[in-house]
Amino acid sequence: MFFCSFLFGLFFWFIGTRAVLQNITVDDTKPNSVTGAYISYAPADAWDTNLCTNCFVNPEARRFVDETWHQSTFDARETINGHVNTPLTASVAFNGSAVHVFCTLSRSNAFPLVGDSDMTFYLDGAVVGTFVQQAVGSTGFDYTVPVYSNSNIPPGQHTLTVQNGHIDGARSLMILDYITYS
Ligand SMILES: *[C@@H]1O[C@H](CO)[C@@H](O)[C@H](O)[C@H]1NC(C)=O
Ligand SMILES: *[C@@H]1O[C@H](CO)[C@@H](O)[C@H](O)[C@H]1NC(C)=O
């Protein structure tokens, strides 16, 4: 009898802990604390980080998770980091049913720090959203902006890819801070 109620209790404890969903943070640079996986960037040399010393993008490091970020600029005509008219991607694998992407946005519309955004989001290879916005045309940055949020994904293993720019599209700046999932 005691053993039965013990099993019963264990069962409900197990259900209870499983029901508590928590967002797991995947930093732009550090490995995911749960799976050890990193965000992968392509083409890798098209992306700069907070360590870049000759970049025109210089937000405040202390406003970022772990004080790190990855940034890329898409341009259909100008060659940047050896690439022209090449969309840049950041991909993360996760096991869950929700995913949220947080970026920093530049408010400037003065060349070269044009803060216009043109992002496309792919879940398992299919387009599931976009974030297209012109910079407001002032100074400074907006931090921790949720550029993509989806809480309606079938539970399981998925890959989210954020694409900066699209072929023949407008110039686009992307500054990735972190991605969460649950
Ligand atoms: C995860 O984070 C998103 C975005 O901040 C939030 O809307 C959501 O409620 C969080 N989910 C959980 C389970 O805490
Ligand atoms: C995803 O997580 C669930 C719940 O923890 C687990 O049952 C499942 O096996 C995981 N799937 C994969 C592909 O790792």
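All of the numbers you see were taken from the coordinates with simple rules; none came from a lab. As the structure is a prediction and not an experimental result, all values here were calculated from the model. Here the Cβ is made from the backbone with ideal geometry for all residues, glycine too, and neighbour counts use every protein chain on show.
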* Asked: Extension gain Val127-Ser149, at 0.36 nm per residue separation less the Cα-Cα distance, in nm?
  -> 6.6 nm
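Provide Leu160, Leu51 in ascending order of the number of other Cβ atoms located within 10 Å of each residue's Cβ, fewest first. Before the final figure, lay out the partial values.
Details: Leu160 24, Leu51 8.
Ranked by crowding around the Cβ, least crowded first: Leu51, Leu160.
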* Taking the Cβ-Cβ separation of Phe111 and Leu51 as r and a Förster radius of 22 Å, what is the calculated FRET efficiency to the nearest 0.05? -> 0.40
* Asked: Per the helix-only calculation at 222 nm, which mean residue ellipticity applies to the chain, given -39500 (n - 2.57) for every DSSP H run of n ≥ 4 and division by its residues, nearest 500 deg cm²/dmol?
  -> -3500 deg cm²/dmol
* Structure fact -> Two pseudo-spin positions, 7 Å from Cα along C-beta at Asp142 and at Asn23, lie apart in nanometres by 1.7
* What residues qualify as long-range amide H neighbours of Tyr178, i.e. H under 5 Å apart, gap of 5 or more or another chain, H built at 1.01 Å from N? -> Phe102
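Can you put Phe56, Phe131 in order of Cβ neighbours within 10 angstrom, beginning with the fewest?
Numbers: Phe56 14, Phe131 19.
Lowest count first: Phe56, Phe131.
I need Ile80, Ile179, Ile39 ordered by Cβ neighbour count within 10 Å, fewest first. Please list the in-between numbers first.
Numbers: Ile80 16, Ile179 25, Ile39 21.
So the ranking, lowest neighbour count to highest, is Ile80, Ile39, Ile179.
What's the extension gain from Asp66 to Val84 if we count 0.36 nm per residue and subtract their Cα-Cα distance? Mind dumping the intermediate values first?
Working: separation 18, 0.36 × 18 = 6.48 nm, distance 3.05 nm.
Difference between extended and current length: 3.4 nm.
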* To do: Take the chain, drop everything but the C-alpha atoms, weight them equally and run the Debye formula without solvent; then report log10 I(q)/I(0) at 0.13, 0.14, 0.19 Å⁻¹ to two decimals.
  => -0.66, -0.75, -1.29
* To do: Could you work out how far the C-alpha centroid of segment 156-176 sits from that of segment 58-86, in angstrom?
  => 12
* Asked: How far is helix 2-19 tilted, in degrees, relative to the longest principal axis of the Cα atoms in the chain, given as a value from 0 to 90 rounded to the nearest 10?
  -> 10
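For Gln134 and Ala37, what does the FRET efficiency come to when R0 = 35 Å and r is the distance between their Cβ atoms, rounded to the nearest 0.05?
On the way: r = 34 Å, r/R0 = 0.96.
My answer for the efficiency is 0.55.
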* Asked: Please identify the GluC sites (Glu not before Pro) of segment 19-126 that satisfy two criteria: DSSP loop assignment and at most 15 other Cβ atoms within 10 Å. Which are they?
  -> Glu60, Glu78
